[in-house]
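Shown below is the structure under consideration.
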Amino acid sequence: MSPARRAVVLVALGLGVLAVAAFPWVAGNYPVKLLQEILIWGIFAMSLDLLMGYAGMVSFGHSAFFGIGGYVAALALKQSAGVVSALVLPALASGLAALVIGFFSIRVGGVYFIMLTLAFSQMFHAYTFQVAWLGAEDGLVGIPRPTVAGVSLATTRSFHLYLLVLAGLAALALWRIVRSPFGHVLRGIRENEARMEAVGYAVGRYKLLAFTVAGTLAGLAGALYAQFNGSITPDAFFWTTSGEALLMVIIGGVGTLGGAVLGAAAFILLQSLVSTYTERWMLILGLTFVGFVLFAPGGIVGALRGRLGLRA
Amino acid sequence: MSAAPGAPLLSIDKLARSFGALSAVAGVSLAVGRAERRAVIGPNGAGKTTLFNLITGQLAPSGGRVVFDGVPVTGLAPHAVARRGISRSFQRNNLFPGLTVLESLRLAAAADGRGSYRLFGDVARLRAPLDRARETAAAVGLADRIDAPAGALSYGEQRQLEVGIALATRPKLLLLDEPTAGMSPEETDRMTRLLVGLPREVTLLIIEHDMDVVASLADRVTVLHYGEVLLEGSFAEVKADPRVYEVYLGSA
């Protein structure tokens with residue numbers, strides 16, 4: 001990228017962040033809620049893109065970590081509504097779960113990896129759906145929002161800025177990771193796992209580390225989702241949660257990070273827009289997805305790059 | 001950890017592997033000295049590639065031992081074998097199609113693991129692997145192609161990159177599985193010059209069908225037939241041995 005183009009991109013990015021930050025001061029309650037949902041799902045979809053787009057590991061069980069983050073945040077925030085309950089414990093718990101689930105799942109590849117991650121996530125769904133101490137199918141409700149550095153996040157505006165800062169930090173961390181030596185090893189694994197092994201990389205360890213990082217960030221997204229709604233239900237664990245994140249990544253553009261956020265935005269806006277007119281919004285969404293896969297396999301980012309004549 | 005000077009760098013003892021009833025490698029013993037250039041020849045199905053797969057851990061042996069630099073490496077995982085200084089190229093191109101030549105070589109050069117678990121920090125700031133990658137690109141004749149994706153190279157260039165990736169790891173022992181396979185005569189000449197020009201301290205074990213390549217490269221030749229060592233000697237000795245003609249003609 002030339003310095004001029006880089007400056008344009010940075011200015012555009014800065015203006016975008018400012019616009020998102022100022023949104024609750026100029027827009028009504030419903031659009032702000034939609035934007036907050038996009039930020040949360042954007043983190044979730046980016047974490048999945050690290051696996052799919054960079055390490056070539058297509059997980060269909062990413063909801064496991066979203067759900068664990070949400071439930072741990074719910075339980076912890078009811079005890080004490082601070083930053084440890086809201087972020088630290090959920091991230092640690094989902095990271096640990098990703099370490100354990102990853103330990104078993106990365107042993108297999110391709111469709112077996114997909115099925116194994118799906119199976120693990122659905123075990124959590126089945127469990128939370130049944131046990132009374134987690135509210136069974138009703139989940140946990142009345143989750144308080146935390147107070148961070150003396151500021152209560154109960155108001156829409158303070159919560160909005162908190163979400164924006166965390167989404168920004170998650171994006172920055174992932175952006176750095178995919179450009180780091182570790183990120184390049186992941187790309188090598190995506191391109192040719194056997195050759196990476198043959199030149200001396202302990203491929204399994206790198207995949208497990210990637211899976212754990214992605215799971216930790218997915219857990220963070222789940223924790224924010226519980227705080228956003230004030231409740232968490234077994235739906236967070238359901239396979240459709242994983243499926244929606246997959247759709248977001250594919251619609252936005254696999255292996256681009258920014259595409260995951262755009263995909264989340266497209267998904268959530270389409271869902272809210274179409275569902276006000278028709279019950280059959282899933283049908284419209286399905287058609288949109290088919291259209292993207294057939295006519296814009298690079299997703300939104302791929303199509304934009306093509307139009308602007310940019311390269312990755 | 002190194003063995004005494006004079007001891008072979010690679011010593012293989014009664015190495016065996018069968019697939020069902022087929023003995024692909026049936027008790028092969030051979031020793032390759034430091035800085036030696038050894039060719040392994042034999043008709044198709046003689047067990048040459050299987051022998052490589054057993055040495056580098058892609059296959060687990062059903063019997064026998066591999067000792068490298070005085071340390072047993074039998075049955076280790078491929079990455080563990082590679083870390084000990086054995087690197088290999090493959091008979092069929094086994095590249096990173098979406099990565100550029102420089103990126104591919106840099107990954108191979110960084111495979112010693114130092115820094116590769118770093119989640120942050122810019123990969124372009126790790127100087128040593130980058131320098132090694134450029135040096136290797138020059139050594140395999142790809143210096144002017146470093147920004148081309150591996151998938152976009154010509155077949156001959158891909159073969160050069162195939163060797164380059166193996167070389168970039170700074171191996172003590174380099175195993176080359178038919179580096180000239182599928183090449184035109186011009187490309188073969190180019191590859192031969194490239195291999196002859198490799199640093200002399202790198203020990204070579206090379207599977208090759210082209211006898212001109214073997215003649216210009218190998219100090220010694222081992223002939224495999226039906227998974228066993230038929231004979232071993234200088235190129236001239238092997239060339240003069242009637243048994244070699246028999247196995248080649250017999251299989252033709």
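Working from Cα positions, state the angle (0 to 90°, nearest 10) between the long axis of helix B:185-196 and the longest principal axis of chain B.
It works out to around 80 degrees.
Separate question: Please report how far the C-alpha centroid of region A:96-131 lies from that of region A:171-247, rounded to the nearest whole angstrom.
The distance from the Cα centre of region A:96-131 to that of region A:171-247 comes to 14 Å.
Let's test the formula: R0 of 25 Å, r as the Cβ-Cβ distance of A:ARG176 and A:ALA22. What FRET efficiency results, to the nearest 0.05?
With a Förster radius of 25 Å, E is 0.40.
Looking at region B:178-227, which trypsin sites (Lys or Arg not before Pro) are in a loop (DSSP not H, G, I, E or B) and have at most 14 other Cβ atoms within 10 Å?
B:ARG200
Counting other Cβ atoms within 10 Å, which GluC sites (Glu not before Pro) in region A:193-244 have at most 12 and lie in a DSSP loop?
none
Ignoring everything except DSSP H segments at least 4 long, calculate the 222 nm mean residue ellipticity for chain A; use -39,500 (n - 2.57) per segment, divide by total residues, nearest 500.
Value at 222 nm, helices only, nearest 500: -24500 deg cm²/dmol.
Another question, if that's okay. Can you return the aspartates and glutamates within cross-link range of A:LYS33? Criterion is Cα-Cα under 20 Å, with same-chain partners fewer than 8 residues away left out.
The qualifying aspartates and glutamates are A:ASP235, A:GLU244.
How much of the calculated P(r) for region A:47-87 lies past 17 Å, in percent of all Cα pairs?
Tail of the P(r) past 17 Å holds 46 percent of the pairs.
For n ≥ 4 DSSP H runs only, could you compute -39500 (n - 2.57) per run for chain B, divide by its residues and tell me the 222 nm figure to the nearest 500?
-9500 deg cm²/dmol
If you don't mind, another one. List, in order, the whole-Hz ³J(HN,Hα) value for each residue of region B:96-112 obtained from phi through the Karplus relation with A = 6.51, B = -1.76, C = 1.60 and θ = phi - 60°; use x for Gly and Pro.
With coefficients 6.51, -1.76 and 1.60, one gets 9, x, x, 9, 6, 4, 5, 4, 4, 5, 5, 4, 5, 5, 8, 6, 5 Hz.
Additional query: Please return the longest range in chain A lying between exposed loop sites, taking trypsin sites (Lys or Arg not before Pro), DSSP loop only, at most 11 other beta-carbon atoms within 10 Å, and leaving the sites out.
A:1-279
Can you give the Kirkwood hydrodynamic radius of chain A from its Cα pairs, in Å with one decimal?
19.9
Under the 0.36 nm per residue contour assumption, what length would be gained going from the current alpha-carbon distance of B:ASP112 and B:ASP147 to full extension?
10.3 nm
Here is a follow-up. Please rank A:PHE289, A:PHE211, A:PHE129, fewest neighbouring Cβ atoms within 10 Å first, as an exposure proxy.
The order, fewest Cβ neighbours first, is A:PHE289, A:PHE129, A:PHE211.
So for each of B:39-48, B:144-153 I average, over its residues, the number of other beta carbons within 10 Å; can you give me the resulting order with the highest mean first?
Highest mean packing first, the order is B:39-48, B:144-153.
Moving on to the next point. Rg to Rh for the protein assembly as shown: what is it, with Cα atoms only and Rh by Kirkwood?
Across the protein assembly as shown, the Cα-based Rg/Rh ratio is 1.07.
Right, another one. If the elastic network links every pair of Cα atoms under 10 Å, which of A:MET52, A:MET248, A:MET196 fluctuates the most in the Gaussian network model of chain A?
Judging by the Gaussian network model, the answer is A:MET196.
Once whole DSSP H runs in chain A are found, which of them have Cα atoms spread over 18 Å or more along the helix axis and a mean Kyte-Doolittle score of at least -0.5?
A:3-26, A:29-49, A:63-79, A:89-105, A:110-130, A:156-179, A:203-229, A:239-252, A:258-275, A:281-295
Classify region B:1-123: rounded, prolate or oblate, from the alpha-carbon gyration tensor (a ≥ b ≥ c, eigenvalue square roots; a/c under 1.5 rounded; otherwise prolate if a/b is larger than b/c)?
It is prolate, given that a/c is not under 1.5 and a/b is the larger ratio.
Just how far, in whole angstrom, is region B:168-205 from region A:272-305 if you go by their alpha carbon centroids?
Result: 51 Å between the Cα centres.
Between A:PHE295 and A:ASP235, with labels modelled 7 Å along Cα→Cβ, what's the label distance in nm to one decimal, could you check?
Inter-label distance under the simple model: 3.1 nm.
Determine which lysines satisfy two conditions relative to B:LYS48: a Cα distance under 30 Å, and not lying fewer than 8 residues away in the same chain.
Leaving aside lysines fewer than 8 places away in the same chain, those within reach of B:LYS48 are B:LYS14, B:LYS172, B:LYS239.
How big is chain B by the Kirkwood estimate over distinct Cα pairs, in Å?
18.8
As I understand it, the value is the acute angle between the Cα axis of helix B:242-251 and the longest principal axis of the Cα atoms of chain B; what does it come to in degrees, rounded to 10?
It is inclined by approximately 70 degrees.
Can you pull a Stokes-Einstein diffusion coefficient for region A:23-63 at 37 °C (0.692 mPa s), Rh from Kirkwood over Cα pairs, as a whole number of µm²/s?
Reported coefficient: 280 µm²/s.
Hey, another quick one. Taking H as built 1.01 Å from N, whose amide H comes closer than 5 Å to the amide H of B:GLU228, not counting residues under 5 places away?
When sequence neighbours closer than 5 places are left aside, the close amide H contacts are B:ALA26.
Any read-out appearing in this document is the output of simple, stated calculations on the displayed coordinates, not a laboratory observation. Note that this is a predicted model, so its numbers are computed, not measured. No Cβ is skipped: glycine too gets one built from the backbone with ideal geometry, and neighbour counts run over all protein chains shown.
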